[in-house]
Each structure stands twice: as C-alpha cells, then as structure tokens.
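First the structure, then my questions, so here it is.
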Amino acid sequence: MAVLDIDVYLERGQIEIIPDTQSYLKDNVFDSDKILDGWIEKLNPALTAGYDGMRSSGDTFWLEKKDWSNFVEYEEEIDSLIGNYKMLVLCTYSLDRCSAIEIIDVTTSHQFFLIKRKGKWERIESSRRKKAEEAVEATKNWEYTFDAMPDLIAIIDTKYRIVRANKAMAARLGVTPEECVGLTCYRLIHGTEEPPSFCPNRQLLRDEREHTKEAHGETLDGYFTANVSQLHDSEGKLTGCIHVVRDITKRKRAEEALRQSKERLRFALETSHTGAWDLDLVDHTAYRSLEHDRIFGYEQLLSEWTYEMFLDHVLPEDREMGDAKFRKATTARSDWSFECRIRRVDGEVRWIWAAGRHSIDATENMRRIGRDRPGHQRAQTIGRANSPAS
C-alpha cells in the first residue's frame, strides 16, 4: 500500500518509521515498561508542537513464540491506558502465523478488531468495548465536573505519570492541562527524582488503599491536604489513582495567627502577673491560664478549678463579701469587679482584684461569666501583705 507524499511527511517529522530493534526489542530484550514510556515520549513533542494527538501502527512479524506471553500482557496494559492519552494505535497480526489460542489472546486484549476473510474486512467489537461505551455514557458529565472543581485534581497512572489534570491543578502549576499529560508528578510538583517518602500515591501503590496526607508544597506555594484513591480496570487491576489536593493555606495561616495571638496573650499575662479564667455557668467548668494558678501559689496548672476552690483561698473575713459580689454578678449583666484577700498554698496572703464580663448565648441567657475579654476573667495581684491579715 502506497502512502502519498510520504517523503514530505518524513521530512517534516510527521511520520517516523522505527525498526523493531529500536522500539520493541532494545538490546534484544522485550521490556513492556520501556515500550510504554517510549509511546509517551513520542506523544509529548507532538502535543507541544500543536498536533491533536498521535497515530501509531505496529506489526508483529518480528515477534517470536518465546516473547508471545509478554507481548500479550503488554497489549493488555496499553489497551487499558491508551484511552487516557491522545493516541490511536493499530496493532497488526498475521492470521497465518497465529494459532487459535493466540487469536483468542488478540481479540480479548483489544477494544475491537478488524479481520479480513475472503477479501472482506469485518469489524468485531469485544465485550470490553461495549462496557467502556456504557461507562462513558454513564459519566458523560464527568469531564465538565472534573474541570469545574476548585480542588486540584489529577489522574495518575502506576508509573507516576499524569494522565490528566483539571484546570485548577494545571493553573496552580503554571501550565495547561494538555502540558501536564505524561509528566512525572513528583518531578513536576516536588522537583525530586523519586517520590518523597510522605507521598500518598507511593503508599497507595504499596497497599492499594486510600491515603490522605497534609503537607506544605513548595511548587504549589501553600499548605494542602492530598487524598489519593484507587483506580481499577474492569478486571479489578490497579491502573492508577485519583489525586485530589485541597488548598488549606488560609486555614493554616489562621491557625498560626491564633497560635501567635495566644502566645502574645500568655506573655502579656505572665509579665503583668495577670491570670485569666472563664467559668461556664451551665456545666460549671473553668478554663484558666497558667498565671492564674500561679497567683494562688501553684507552679503547675491544676487539672481542675472550681468556684469552691476559689472561695477556700479567700480569707474568712473577706469570703462572705466576695461570695455575695460574685453571686450578684451571675444575675446582673453589667461588668463587675471586687477586691479581696487570698491565702496562697505557701501561706502567703495577697490582695487580688477580680473583674469580669458576661457572655450571653443565642437565647439571651447568661452562659459564661468572668471575662475581661471574650473567654476570660482577670484576677490580678495589686499588692502583697508582709504578714497574714488579722
């Protein structure tokens, strides 16, 4: 069969004729992984040059019986992957050289096949093809949803190659979705020559289970949670994963800002010898700062603190007054304060000033007490007695 203007196509590089010793049998060894990588290496320059995709045709006249089983496995693998790439592949076999079992191998490892009998070509579809079409029909809106998702999503094969990336993922990486195809994910995202130890995709390939990881991405410039889930073919064989990355940078920055705010508050309380506590009037739980417990002479934060424990520290002469002031505060809705004397656990007597602000819940009921800002009551040392008060 003649190809018109083949010299022109060859000169432009639009057609390449590659002998089996450079494609299928490198160093006289059949290596399916290297062959598949070779297809991708040919496809990427074509896409970069602006072509819609690549068409390829290979024959099996070179194939020997000893390589048949390996070749069939290769054909099955390329059949399961080829739909993920912009490639059309034609595989040709000689019926005269194939046994009945080998013909069955050919027909079951391809989506459909053409057979020439008595000078006529017939197209025969395999059951796999029909199942694939049913799956396409069932997920006809998937492509739109895939690109509309704000999360960064990529489909990655078992060799860490990006089969497809949605618009959000490609935009974050500074490339187009088409340019992502065939690139190795860890080189593109992490800039490494192998998957990092924390890579959830790496873990999935080991145990075929879903994994989620939170990490900082230098290339993606932010904090992210990455979730990977398995992809299988119709026979249950693992073909890759769906990689979903969610940007949590804003949340992380808010958490860090809150942490710094708490640290500054802790420093302010310690340097001013001010303790903060928050009493819930419903469940009677109290939350305090370390400096609060230090005012009462405790070096470590106690496991619990109750109003009764506070009263036990107040001198008997001031206890009735302090209790009355505090109980009145639980019925009023204005800010409050009072002074009283306490005896620390080391026996030393000190004057303290207690002040508070209330918290009202959505039903207009008083929920919390003891706040000089949301969440806190302040108890400040304003004097020190040289001897116990009489």
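Please treat every number below as a calculation from the coordinates, not as lab data. Bear in mind that the values here come from a model prediction, so they are computed numbers and not experimental data. Here Cβ is always computed from backbone atoms with ideal geometry, including for glycine, and neighbour counts include all displayed protein chains.
Please report H292, H232, H190 as a ranked list, fewest other C-beta atoms within 10 angstrom at the top and most at the bottom.
H232, H190, H292
Could you check the simple spin-label distance between K167 and V3, using points 7 Å along Cα→Cβ, in nm with one decimal?
Taking the simple label geometry, K167 and V3 are separated by 3.7 nm.
What pairs in K34/K118; K120/K237; K34/K86; K167/K213; K213/K250 have C-alpha atoms more than 27 Å from each other?
Violating the 27 Å Cα-Cα cut-off are K34/K118; K120/K237.
Which distance in nm do the two modelled labels at L311 and T92 give, with both placed 7 Å along the Cα-to-Cβ direction?
Between L311 and T92, the label points sit 10.0 nm apart.
Would you mind calculating the gained length between D33 and R55 on full extension (0.36 nm times residue separation, minus the Cα-Cα distance), in nm to one decimal?
6.0 nm
While we're here: Using the number of other C-beta atoms within 10 angstrom as an exposure proxy, rank I156, I40 with the fewest first.
I40, I156
Take C241, C185 and order them by how many other Cβ atoms sit within 10 Å, fewest up front.
The order, fewest Cβ neighbours first, is C185, C241.
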